[in-house]
1. To one decimal place, what orientation-averaged projected area in nm² is obtained for the convex hull of the Cα set of segment A:49-195?
2. Which order do peptides B:102-111, A:145-154 fall in by mean Cβ count within 10 Å, highest first?
3. With a sphere of radius 12 Å drawn around the Cβ of A:Thr149, what net charge do the other residues whose Cβ falls strictly inside it have (Lys, Arg +1; Asp, Glu -1)?
4. Name the long-range amide H neighbours of B:Met51: under 5 Å, sequence gap of 5 or more, or other chain; modelled H, no Pro or chain starts.
5. Grab the other residues whose beta carbon is less than 12 angstrom from that of B:Gln97, score K and R as +1, D and E as -1, and report the net.
6. Hey, if you put +1 on the Cβ of every Lys and Arg and -1 on every Asp and Glu Cβ in segment B:96-181, which of B:Thr171, B:Ser125, B:Leu112 ends up farthest toward the positive end of that dipole?
7. If we count every other residue with Cβ under 14 angstrom of B:Cys159's Cβ, Lys/Arg +1 and Asp/Glu -1, where does the sum land?
8. Taking the Cα centroid of segment A:120-195 and of segment B:86-154, what is the distance between the two, rounded to the nearest whole Å?
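Throughout, read-outs are computed from the coordinates displayed, never taken from laboratory work. All values derive from a computational prediction rather than experimental measurement. Cβ coordinates were reconstructed from backbone atoms using ideal geometry, including for glycine residues, and neighbour counts include every protein chain displayed.
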2 protein chains.
Amino acid sequence: MSVSHASVHPIDEVPTTEGGGGGGGDQNNNNNNNNNINPPPRVRMKDIQGMPGTSGGLCLRVAQFIFAAAALAIMASTSDFPSVTAFCYLVAAASLQILWSLSLAIIDLYALLVRRSLQNNRVVSLFTIGDGVTSTLTFAAACASAGITVLIDNDLGSCGQNHCVQFETATGMAFICWFTTVPSFLLNFWSLASR
Amino acid sequence: MSVSHASVHPIDEVPTTEGGGGGGGDQNNNNNNNNNINPPPRVRMKDIQGMPGTSGGLCLRVAQFIFAAAALAIMASTSDFPSVTAFCYLVAAASLQILWSLSLAIIDLYALLVRRSLQNNRVVSLFTIGDGVTSTLTFAAACASAGITVLIDNDLGSCGQNHCVQFETATGMAFICWFTTVPSFLLNFWSLASR
């Protein structure tokens, strides 16, 4: 008979506050305080490698920092970059990316050392917005610089009086930096959506 | 006493196959076949305005189509756009965006007319990947064109012998087009992650 009915399934109660509940399931003592010897882990969602507070996440942040720093250093080493607005913008975007990635790398390192999970709604929201903004700015700077370098090299053919190699290398570094920021953003956004 | 225990909560059984289960909860007849007069709706997840198959999603697709077509038409109306690679790339990216947005607009319109939900895992995955690729290409083209137009206008000051107004308008249209593709991508990605 096709009738809708309410199924009853047992659900394991998950502790929702830090340090509360859980632990000592088959103990009949009156240990009512929360100062357990082995407190329950604070991880409230699945930690995928690459998310904040994981070693994969730390690797991504370090890679972002290295490539952004390389893009900045190579672009700043040319004498004539201030004459093109897009190259100045690349330097600014790479600087912002360096600051952001370095801060997040330090937070990740701290979280790994004290074994603390960063899977908290507010923290992940903040990281997602920051990653979205910095990765968009870095990508925009890389694309603008790529447009200029292709114009100088292919369309005008005036690489003789310009530092084409440095411009192209800096642009490539900015693109690689963007490739390493996208997984961070997507993983953070995914973890924000999947709770 | 702080012991972990399994709570028992009643759960409403949700029909997971099309047309199966549901309907006639308090009927005691032997209506065992699935040919109900009012079949259960096929929506398996919350439809947020802007997702595929909603009127908001259709509006976003139409807006994407209009702005991409405007960018393409304005850029193609200049005689010297083929001399700059970035402008050719803008035309190519806008063409791809037009094809994609038009296809999705037709699918959305069909889904709205037959009242069919598009919230299917494979369909949403496909839409998410397509939106991600087209929006990234459009944004890259817009940024590259912006780099060139700023170079021509501000850095070189040679707007006299170039169609600066058309170039800037086409770039602006491409940016607005990107602004309308981002909500589509993020909503699709969100609905993919939140199941």
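1. If I average the Cα hull's projected area over directions, I get 8.7 nm².
2. Order by mean packing, descending: A:145-154, B:102-111.
3. -3
4. HN-HN under 5 Å from B:Met51: B:Gly57.
5. 0
6. Of the candidates, B:Leu112 comes out farthest on the positive side.
7. Here the charged neighbours net out to -4.
8. One Cα centre to the other: 19 Å.
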